[in-house]
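Okay, so here's the structure we're looking at.
The values are calculated or read from the model by the stated rules, or taken from the named source; none is laboratory data. Keep in mind it's a predicted model, so treat the numbers as computed, not measured. Every residue, glycine as well, gets a Cβ built from its backbone with ideal geometry; the counts of neighbours run over all protein chains shown. Heads up: the accessible areas ignore ligands, DNA and RNA and are worked out on the full protein's heavy atoms, side chains in. Shrake-Rupley method; radii C 1.70, N 1.55, O 1.52, S 1.80 Å.
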Amino acid sequence: LRIHVVVVDLGESELELGAAVAPDPDGPGGAESQLMAPSTLADSAGLFLAVNANAFGWFNGAQAASPKPRWSPGLPVDILGWAHDGRRQASPPEPAYWSVWQDSDGRVRLGQVRSSRPVRWAVAGFGALVMAGQEVPAEDSARHPRTAVGLDRSGRELLLIVVDGRRPGHSEGMSLQELAAWMRARGCWEAINLDGGGSSVLLVRQGHDAWGVWNRPSDGRVRPVPVLLGVRLRTGAEPGGQGGSKWGG
């Protein structure tokens, strides 16, 4: 197994979490977003580190009707679950898709949400892995690449996890049961499973104009996605500041 772990100290004054959501491609039309290269999407939100977030579906069979290859940037999609970048709510909350969000008071939360509320940002995953410090039973035993997010009991430490998979000899991937057990053992009081498979990606900025992909996507290349969850500098913070040694790459 190759497991990539990012630990975010939510008390770090120079950093903040953020969500990036690709633009609406058809205005008053029915699509909520579109696929976009993750590095381009991360740049649009000022992130220096990011993982994929929401799953999505093709809008009105757009992928089947499009002359573009599958997983091409620009294809219109329906986002599954809550997606809000702080300016636009691209997709409303859906109870079937568990969410992670930051309240207007700055507190980060994980859980089921049934209706919209004021937030700084919000993204969603499939379901809970850990609740109140206990693993959530899962029947799925298949191993795949995974992306997950978790909070410790204090709510001050957030974990972003990307697990490589579908690569014999490098990393097999994890089942949901294994992922839940790992997240709990790592100290997560709450955790949810984000979109995974070929969309799993961990991006880290390597310089002003360069991005590094720290995991090994199962397709052999990075897929475009509509939503990212990541970390950026607060307005006015400088890369060489006190927190630089904690996150500088």
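Here are a few things to note about the model shown:
- Residue check for Arg166: of a type in the set (Lys, Arg), over 18 Å from Asn52 (Cα atoms) and open to solvent by 60 Å² or more (accessible area, probe 1.4 Å): no
- In region 191-240, residue most open to solvent (accessible area, probe 1.4 Å) [restricted to those that are within 19 Å of Ser171 (Cα to Cα) and in contact with a Phe, Trp or Tyr (Cβ under 7 Å, 6 or more places away or on another chain)]: Arg223
- Close Cβ contacts (under 8 Å, 6 or more residues apart or on different chains) running from residues in region 133-145 that are open to solvent by less than 40 Å² (accessible area, probe 1.4 Å) to residues that are part of a loop (DSSP other than H, G, I, E, B) and not polar (S, T, N, Q) comprise Gly133/Arg153; Gly133/Trp189; Pro145/Asp164; Pro145/Gly165; Pro145/Arg166; Pro145/Gly173; Pro145/Gly196; Pro145/Pro217.
- Output for region 97-122, where each listed residue is surrounded by 23 or more Cβ atoms within 10 Å (Cβ to Cβ) and aliphatic (A, V, I, L, M): Val100, Leu110, Ala122
- Residue-level check: of (1) surrounded by 19 or more Cβ atoms within 10 Å (Cβ to Cβ); (2) under 21 Å from Leu49 (Cβ atoms), Val130 misses just (2).
- Residue ID - surrounded by the fewest Cβ atoms within 10 Å (Cβ to Cβ), chosen from residues in region 21-60 that are modelled with pLDDT under 95 and part of a strand (DSSP E or B): Gly57
- When restricted to residues that are open to solvent by 50 Å² or more (accessible area, probe 1.4 Å) and in a loop (DSSP other than H, G, I, E, B), region 78-96 contains 5.
- The residue pairs whose first member lies in region 154-180 and is of a type in the set (Ser, Thr, Tyr), whose second member is buried (at least 24 other Cβ atoms within 10 Å of the Cβ) and modelled with pLDDT of 95 or more, and whose beta carbons are closer than 6 Å, counting only pairs six or more residues apart or on different chains, are Ser171/Gly165.
- Of the criteria (1) closer than 21 Å to Gly155 by Cβ; (2) open to solvent by 40 Å² or more (accessible area, probe 1.4 Å); (3) not aromatic (Phe, Trp, Tyr), which one Gly18 fails: (2)
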